[in-house]
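Written below as structure tokens is the structure these notes are about.
Please treat every number below as a calculation from the coordinates, not as lab data. Remember, predicted model here, so these are calculated numbers, not experimental data. Heads up, the Cβs are rebuilt from the backbone with ideal geometry, glycines too, and the neighbour counts pull from every protein chain shown.
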Amino acid sequence: MKPDALQAPHSTGELFGAFTRLALQGFGGVLAVAQRELVERLRWMSQEEFVELLSISQVMPGPNIINLALIFGDRHFGWRGSLAAVAGLLAVPLAIVLVLAALYAHYSAVPQVAGALRGMGAVAAGLVLSTAFRLAGTLRRNAMGLGVCSAIVAATALAIGWLRWPLVWVVLGLGALGYALAWRVLSTQQAQPR
Amino acid sequence: MSDGFFGTHGLGWLDLMQLTGHFALLSLLAVGGAITSASDMQRYLVGERGWIDALQFNASVAIAQAAPGPNILFVALLGWSVAGPLGLLATMAGIMVPSSVLTLVVSRYGRTRQDTLPVRAFSVGLAPLTIGLLLATGWVLAQPSRGHWGAMLLVPVTIVFMLRTARSPLWMIALGAVVGALGYA
């Protein structure tokens with residue numbers, strides 16, 4: 001794609017509409033839809049820019065898609081753009097989710113509804129676990145090595161899932177350990193390139 | 001004021017502020033998305049405070065995943081089931097504002113510094129932590145399935161479906177709903 005073929009949103013309203021549209025298409029994962037809409041259909045950014053935004057979004061805390069919307073909106077219209085993009089992602093889906101929750105609250109005594117929710121809850125657990133397994137593949141290329149990574153994964157999962165320790169201590173403790181180890185490995189690599 | 005739909009639903013204002021504060025803390029810790037901190041939300045809301053039970057917690061996550069839009073909306077539903085509209089404001093403001101402000105500041109500052117050591121050490125060093133948090137969240141969400149053989153079977157089936165096919169997760173959510181409605185979950 002030629003860079004001069006790129007378009008840009010004309011107003012915060014257009015930004016709001018575009019993010020509403022992509023949020024409503026995203027069941028279970030808005031990121032894939034965001035790539036198709038923003039890069040391929042609207043041509044508001046190049047593939048390279050999308051990857052760049054995504055990698056910042058993944059490093060920062062908070063949901064990746066929300067971070068991506070924040071940064072993209074900011075680059076076009078400043079903080080008003082950020083607000084418009086995130087509001088687009090959240091407003092209409094929030095209304096839908098609240099209606100569903102109200103329906104659930106009204107009918108939760110019906111055994112079929114309670115059963116359906118239990119079944120969906122089990123699927124939700126499977127979805128989260130499958131994401132973990134898919135991402136675990138990237139650890140093979142991690143500079144710290146698979147052994148160190150596996151140890152941190154296991155320690156984190158045990159401390160949070162089994163022992164139910166508060167997240168803050170686990171992230172600060174194991175996160176600092178991972179950061180220090182990665183820093184050491186990367187700076188050695190930088191000093192002596194193989 | 002403490003009664004009624006728009007009231008605090010039996011919580012004190014201090015409780016609401018603590019709710020916002022806890023989610024604000026999680027906001028800054030949730031590298032990899034809010035779902036990584038869901039197990040800690042469960043520990044806090046269900047275990048420590050007892051404001052909702054484990055089934056209500058799972059229902060919020062399941063409804064948000066079955067609906068279109070970002071999955072972070074489960075946080076809105078959690079707040080809603082704790083204290084109605086005010087609870088929703090408390091949890092959403094808490095989980096959104098700190099990470100959003102930080103992201104904007106850092107993205108403006110670090111736009112040209114992506115290949116520097118501090119930034120790279122961050123993404124390399126925190127990757128295994130993120131995956132460990134996801135495993136913990138999956139484990140916690142699977143707990144109410146114990147003893148229900150249909151639900152226990154749905155967990156591995158979902159994993160295989162997601163890893164082996166390119167189909168939308170909506171199919172599995174629909175299957176889970178049908179299996180559950182028929183009384184097998």
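Packing-wise, with mean Cβ within 10 Å as the measure, how do A:142-153, A:106-117, B:62-73, A:125-136 rank, highest first? Could you put the intermediate results ahead of the total?
Numbers: A:142-153: 18.0, A:106-117: 16.2, B:62-73: 24.5, A:125-136: 22.6.
The most tightly packed comes first, giving B:62-73, A:125-136, A:142-153, A:106-117.
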Using alpha carbon centers only, the range A:42-97 is separated from the range A:148-186 by a whole-angstrom value of 28 Å
Taking each residue of A:79-92 in turn, how many C-beta atoms of other protein chains fall within 10 Å of its C-beta, and what is the average?
-> 2
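To the nearest 20 debye, what charge dipole does the protein assembly as shown have about its Cα centre, counting +1 at the Cβ of each Lys and Arg and -1 at the Cβ of each Asp and Glu?
Values: 23 positive and 14 negative charges, 183 e Å.
Result for the protein assembly as shown is approximately 880 debye, rounded to the nearest 20.
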Residue by residue through the range B:33-45, which ³J(HN,Hα) values in whole Hz follow from phi under the Karplus form 6.51 cos²θ - 1.76 cosθ + 1.60 (θ = phi - 60°), with glycine and proline marked x?
-> x, 4, 5, 5, 9, 4, 5, 6, 4, 5, 4, 6, 6
In debye to the nearest 20, the charge dipole size for the range B:21-174, taken about the Cα centre with +1 at each Lys and Arg Cβ and -1 at each Asp and Glu Cβ, equals 380 debye
Non-local amide H neighbours of B:ALA30 (under 5 Å, H modeled in plane, Pro and chain starts lacking H): which ones?
-> A:GLY62
What is the pair-distance distribution P(r) of the range B:1-129, computed from all Cα-Cα distances in 10 Å bins starting at 0, with each bin given as a whole percent?
-> 12, 39, 30, 14, 5, 0
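On average, how many beta carbons from a partner chain sit within 10 Å of the beta carbon of a residue in B:137-149? Intermediate values should be presented prior to the final figure.
Working: counts 9, 12, 9, 6, 10, 8, 3, 5, 7, 0, 0, 4, 0.
Going residue by residue through B:137-149 and averaging, the value is 6.
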What's the center-to-center distance, using Cα atoms, between the range B:34-86 and the range B:151-185 in Å?
-> 21 Å
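Can you give the extra length, in nm with one decimal, that the chain gains between B:LEU182 and B:TYR109 once fully stretched, where that is 0.36 nm per residue apart less the Cα-Cα distance? Please report the intermediate quantities before stating the final value.
Numbers: separation 73, 0.36 × 73 = 26.28 nm, distance 5.41 nm.
Taking B:LEU182 through B:TYR109 to full extension adds about 20.9 nm, to one decimal.
Hey, got the average number of other protein chain Cβ atoms within 10 angstrom for residues in B:90-101?
Values: counts 0, 0, 2, 0, 0, 4, 6, 1, 2, 7, 12, 3.
Per-residue shielding by partner chains comes out at 3.
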Report the label-to-label distance for A:SER108 and A:ARG21 in nanometres (one decimal), using points 7 Å from each Cα along the Cα→Cβ vector.
-> 3.7 nm
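What is the ratio of the Cα radius of gyration of the range A:42-194 to 2.2 N^0.38 Å, with N the residue count, to two decimals?
On the way: Rg = 20.7 Å, N = 153, 2.2 N^0.38 = 14.9 Å.
Against the empirical 2.2 N^0.38 Å value, I get 1.39 for the range A:42-194.
Can you tell me the relative contact order of chain A? Whole percent, Cα pairs under 8 Å, sequence separation 6 or more.
On the way: 132 pairs, mean separation 32.1, N = 194.
Once normalised by length, the contact order is 17 percent.
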